[in-house]
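**Q** Structure in structure tokens, see below.
The values are calculated or read from the model by the stated rules, or taken from the named source; none is laboratory data. Because the structure is a prediction, the values reported are computed rather than measured. Neighbour counts are summed over all protein chains in view; Cβ atoms, including those assigned to glycine, are modelled from backbone coordinates with ideal geometry. Accessible surface is based on the protein model in full, side chains and every heavy atom, while ligands, DNA and RNA are left aside. Shrake-Rupley method; radii C 1.70, N 1.55, O 1.52, S 1.80 Å.
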Amino acid sequence: MSDPFTFRIDGVAVTAKPGQTIMEAADAAGIYIPRLCDVDGLRHQGGCRVCTVKAGGRSVSSCTQPAEPGLEVENNTEARNRVRRDLVEMLFHEGNHLCPICEKSGNCELQAMAYRLGMTAPTRFPYLEPCRDLDASHPDIALDTNRCISCGRCIRASQDVDGKGVFGYVGRGIHRRVAVNGDNLADTDAVLADKAMSVCPVGCIIRKNEGFRMPIGARHFDHGLIGHEIEEKSK
Amino acid sequence: MTETLVDQRKARVATVSLAGCFGCHMAILDIDERLITLMGLVDFDRSPLTDIKTFTQRCDIGIIEGGCCNEENVHTLLEFRKNCDVLIALGQCAIMGGLPAMRNAIMHSGEPLRECLEEAYISGPYLRNTTRLIPNDPVLPLMLDKVYPCNEIVDIDYQIPGCAPSGDVIFNTLAGLLTGKFAGFDRATLRFD
């Protein structure tokens, strides 16, 4: 049972080890599957659904779905990418994502995903424009929840890596959001060196005293689409 | 739509800056010497570049910078829709409200407009407003409850993202539209900032 096997992504044969997810095998093979809630070093959540692929005719989140011998996976097709673009677009509508004023712009995975998926402008749906809290209580860290996409990376990092549980989900459905375990961040045992403070894909968890440190042109996504590091492995 | 632009006469272009910072109009100048190429393809009607204040005739293209923050912006935008075949939203403010839209939701207030004006004219820490009044002269256009993207007021045909869009993106898009060859944006050059 521990022998490697092959399955196919968009017709390309990919080798996987038993227990690997579709995304893990794809990453190793240099095939990029777009994702927002999943990140190296944290357990998979399958929350954002941006990594949804068609596998064996069913839509599944590739970060959680185990690869199987002979599986046919549809990933980089117009139909899949259209669904992903719609998901990303709805995230832009759900929060307050004003790229021109955001410190994370250029290093933001949500923005970079919009570029990769060719979202020119999020204007098909009404903006929800929620009133959300800004928590600047902590001396080193600020939380601007206007930009939170509820990916849960900080929750998993704090629980699993830092062993603290600074962050957690509260509420249900459309009201579900990420909250801190206390009245505000200063009441928790969060410190800047926590893994949880470095995994935010958007500009929600902000490191104080280093705003706009990277000039335009030197930021992470100024050169190359998100995922190009993975794709270059196959070249 | 493109067929009307590919004929022999020059296309007629109008531009306006609504609730924007004029940066997108400055970015039009960033196309540098290609301005000469562009001027071979278009004539400008009403525009801050020509200082013509009203439409002199129907235009092929209207370029809108900025969203709508007051009733005068809405009036101007409706005029553009009425007088232009193709409307282009240029830059993030026209597309999604941009910086002025910060007053919509991020003020953490049930009355964001009131809070915005009070901080700007009464309670802000760096103010010297001896009258202690918020300007309310009747000639001032009435402010809207929030800043609206252009597409929430009228139909917009094309959107050129960026804050401001680069000269390359502006020129390539306009030249593509004028010659009927526009095939969407290059993902690698797409920017929202």
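**Q** Of all residues being in contact with a Pro (Cβ under 9 Å, 6 or more places away or on another chain) and of a type outside the set (S, T, N, Q) in segment B:165-193, which is surrounded by the fewest Cβ atoms within 10 Å (Cβ to Cβ)? Just the residue, please.
**A** B:ASP193
**Q** Is one or more of the residues making up segment A:12-19 part of a loop (DSSP other than H, G, I, E, B), in contact with a helix residue (DSSP H, G or I) (Cβ under 8 Å, 6 or more places away or on another chain) and crowded, with 17+ Cβ neighbours inside 10 Å?
**A** No, segment A:12-19 has no match at all.
**Q** Please give the number of the condition B:ASP155 fails out of (1) surrounded by 14 or more Cβ atoms within 10 Å (Cβ to Cβ); (2) within 12 Å of chain A (Cβ to nearest Cβ); (3) touching a residue at least 40 places away in the same chain (Cβ under 8 Å).
**A** Among (1) surrounded by 14 or more Cβ atoms within 10 Å (Cβ to Cβ); (2) within 12 Å of chain A (Cβ to nearest Cβ); (3) touching a residue at least 40 places away in the same chain (Cβ under 8 Å), B:ASP155 violates only (1).
**Q** Go through segment B:109-151 and give me each residue that's open to solvent by less than 80 Å² (accessible area, probe 1.4 Å) and within 14 Å of chain A (Cβ to nearest Cβ).
**A** B:SER109, B:PRO112, B:LEU113, B:GLU115, B:CYS116, B:LEU144, B:LYS146, B:VAL147, B:TYR148, B:PRO149, B:CYS150, B:ASN151
**Q** In segment A:131-141, what count of residues is obtained for those that are open to solvent by 10 Å² or more (accessible area, probe 1.4 Å), in contact with a strand residue (DSSP E or B) (Cβ under 8 Å, 6 or more places away or on another chain) and either β-branched (Val, Ile, Thr) or over 21 Å from B:ALA101 (Cβ atoms) (or both)?
**A** 3
**Q** Check whether at least one residue in segment B:84-91 is facing chain A (nearest Cβ under 8 Å), in contact (Cβ under 8 Å) with a residue 24 or more places away in the chain, in contact with a Phe, Trp or Tyr (Cβ under 9 Å, 6 or more places away or on another chain) and within 29 Å of B:PHE182 (Cα to Cα), and report yes or no.
**A** yes
**Q** Taking into account only those residues within segment A:97-130 that are open to solvent by 40 Å² or more (accessible area, probe 1.4 Å) and touching a Leu at 6+ places or on another chain (Cβ under 8 Å), which is nearest to A:CYS51 (Cα to Cα)?
**A** A:GLU109
**Q** If you don't mind, there's one more thing I want to ask. Give me the strands (runs of 3 or more DSSP E) completely within segment B:48-144, filtered to those with at least 2 residues that are out of contact with any Gly (no Cβ under 9 Å at 6 or more places or on another chain) and aliphatic (A, V, I, L, M), ordered by residue number.
**A** In segment B:48-144, B:59-65 are the strands (runs of 3 or more DSSP E) which contain 2 or more residues that are out of contact with any Gly (no Cβ under 9 Å at 6 or more places or on another chain) and aliphatic (A, V, I, L, M).
**Q** Scan segment A:174-194 and tell me whether some residue there is within 12 Å of chain B (Cβ to nearest Cβ), acidic (Asp, Glu) and farther than 30 Å from A:ARG84 by Cβ.
**A** Within segment A:174-194 (the criterion being within 12 Å of chain B (Cβ to nearest Cβ), acidic (Asp, Glu) and farther than 30 Å from A:ARG84 by Cβ), the answer is no, since none of the residues qualifies.
**Q** Going through segment A:163-187 one residue at a time, which ones are crowded, with 20+ Cβ neighbours inside 10 Å and over 22 Å from A:ARG35 (Cα atoms)?
**A** Within segment A:163-187, A:VAL166, A:VAL180, A:LEU185 meet the criteria.
**Q** Go through segment B:30-49 and report how many residues are in contact (Cβ under 8 Å) with a residue 40 or more places away in the chain, on the phi < 0 side of the Ramachandran plot and out of contact with any helix residue (DSSP H, G or I) (no Cβ under 6 Å at 6 or more places or on another chain).
**A** The number of residues fulfilling the criteria is 3.
**Q** Specify which of the listed residues (A:ALA190, A:ALA196) is in contact with an Asp or Glu (Cβ under 6 Å, 6 or more places away or on another chain), in the same structural domain as A:PRO100 (by TED's automatic domain parsing) and either open to solvent by less than 50 Å² (accessible area, probe 1.4 Å) or of a type in the set (S, T, N, Q) (or both).
**A** Just one listed residue meets the conditions, A:ALA196.
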